[in-house]
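Structure, as structure tokens:
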Amino acid sequence: MFRAYVTLVALGLIWGSNFIYMKWATALISPMQTVFLRVFCGFLPLAIMAWRAGVITREQLRHLPHFAVMSVLATSFYYYGFVAGTALLPTSVAGLLSGSIPIFTFICAFLLLREERPTRRMAAGVALGFLGITVSARPWDGAQGVPLSGVLWMMAGTLSLGSSFVYARRYISPLKLPPLALATWQTGLAVLTLLVLTDFSGIGAINADLHAMLGAVFGLGMLGTGGAFLIYYFIIEKLGPVRASGATYIAPVVAVMIGAVIGEKITGMELLALALILGGVILIQTAKRRTLADTGEPTQQKKAAQWTRT
């Protein structure tokens, strides 16, 4: 159990570190090129593990349309939204905005699945989360504030991931396929999509900065994507999805701390926004836990929760 909790903290550190790697990479190459490097390098360890475990089968090809949808919602577009947003925002702001993923996941589940029973605690959590997002964006600062386009890209990424939760809940979870197989199909198809959509002109510029190159290939790709998939599923198996979601709380804090270390100005507004967003997430999560206890039907929730974060 201790090993699982140490791994959970490590996952939070990995997720929180991803934003500085995105920032370094997009200073040299385009967001789309950065996403391609991330997904391709993340796919490699997954493919090796899946091959060694023998979890990829020919019969799974009949589910290819579902895998393709997940590859767009939970990988290609989700990652692009985060990379494009991080390129425009301070690392700390991008990181703290990523903490709103559970909030958007809940909203999408409520609107499209109609299976959640909203409570006052949930409503308060959503309100707190959006207040935190507003404080992060600081629209009252005008042109001198945080670029609104960056915030919108981050929100587009979180909305895409929230939609993928709904899709996975309805079409993926009933398939009862190994999580490693699902992750491999998802990232593999995303690689093919990005191969078609990416303009590779000038991608070699990433080699001009060793830190940016290693960060994109190893930090963001192999560890931050492929490794994070494997670690996340290990934690879910050992601790369950509710406790595994604790890594979601760690990542924004890590991103803000990294921003402070590299010299970004961290004001009381950023800290307030972080507290509001995390407070909203905690309210929603604790309310959902109580709802599950009341209904006595946690099984399907646990299956679907595996897809709430990549």
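Could you run through region 77-107 and say how many residues are assigned to a helix (DSSP H, G or I) and more than 10 Å from the chain's Cα centre (by Cα)?
Final tally of qualifying residues: 21.
Restricting attention to region 156-184, and to residues there that are of a type in the set (A, V, I, L, M, F, W, C), surrounded by fewer than 22 Cβ atoms within 10 Å (Cβ to Cβ) and within 17 Å of Val55 (Cβ to Cβ), which single residue is modelled with the highest pLDDT?
Going residue by residue through region 156-184, those that are of a type in the set (A, V, I, L, M, F, W, C) are 156, 159, 161, 165-166, 168, 172, 175, 177, 180-183.
Right, trim to surrounded by fewer than 22 Cβ atoms within 10 Å (Cβ to Cβ) and you get 156, 159, 166, 175, 177, 180-181.
Within this subset, residues satisfying the condition of being within 17 Å of Val55 (Cβ to Cβ) are 175, 177, 180-181.
Values: Leu175: 89, Leu177: 88, Leu180: 88, Ala181: 92.
Restricting to residues being of a type in the set (A, V, I, L, M, F, W, C), surrounded by fewer than 22 Cβ atoms within 10 Å (Cβ to Cβ) and within 17 Å of Val55 (Cβ to Cβ), the top hit is Ala181.
If Val196 satisfies all but one of (1) among the aliphatic types (A, V, I, L, M); (2) under 19 Å from Tyr21 (Cα atoms); (3) without any contact (Cβ under 8 Å) to a residue 60 or more places away in the chain, what's the number of the condition it fails?
Only one criterion in (1) among the aliphatic types (A, V, I, L, M); (2) under 19 Å from Tyr21 (Cα atoms); (3) without any contact (Cβ under 8 Å) to a residue 60 or more places away in the chain is unmet by Val196, namely (2).
Return yes or no: is Thr7 more than 22 Å from Ala137 (Cα to Cα) and either within 18 Å of the chain's Cα centre (by Cα) or among the aliphatic types (A, V, I, L, M) (or both)?
Yes.
Kindly indicate the residue of region 27-61 that is outside any helix (DSSP H, G or I) and among the aliphatic types (A, V, I, L, M) and also farthest from Phe200 (Cα to Cα) among those meeting that condition.
Result: Val55.
Have a look at Ile258, Ile284, Ile266 and point out the one that is in contact with a Pro (Cβ under 7 Å, 6 or more places away or on another chain) and either outside any helix (DSSP H, G or I) or at pLDDT 55 or above (or both).
Result: Ile284 is the single residue among Ile258, Ile284, Ile266 that is in contact with a Pro (Cβ under 7 Å, 6 or more places away or on another chain) and either outside any helix (DSSP H, G or I) or at pLDDT 55 or above (or both).
Picking from Thr184, Thr248, Thr225, which residue would you name as being within 19 Å of the chain's Cα centre (by Cα), β-branched (Val, Ile, Thr) and over 18 Å from Trp15 (Cα atoms)?
Thr184
Which ones in region 45-84 are buried (at least 17 other Cβ atoms within 10 Å of the Cβ), polar (S, T, N, Q) and more than 16 Å from Arg169 (Cα to Cα)?
Those that are buried (at least 17 other Cβ atoms within 10 Å of the Cβ), polar (S, T, N, Q) and more than 16 Å from Arg169 (Cα to Cα): Gln60, Thr75, Ser76.
The values are calculated or read from the model by the stated rules, or taken from the named source; none is laboratory data. Keep in mind that what you see is a predicted model, and the values were worked out from it rather than measured. With ideal geometry, Cβ positions are generated from the backbone for all residues, glycine too; neighbour counts draw on all protein chains shown.
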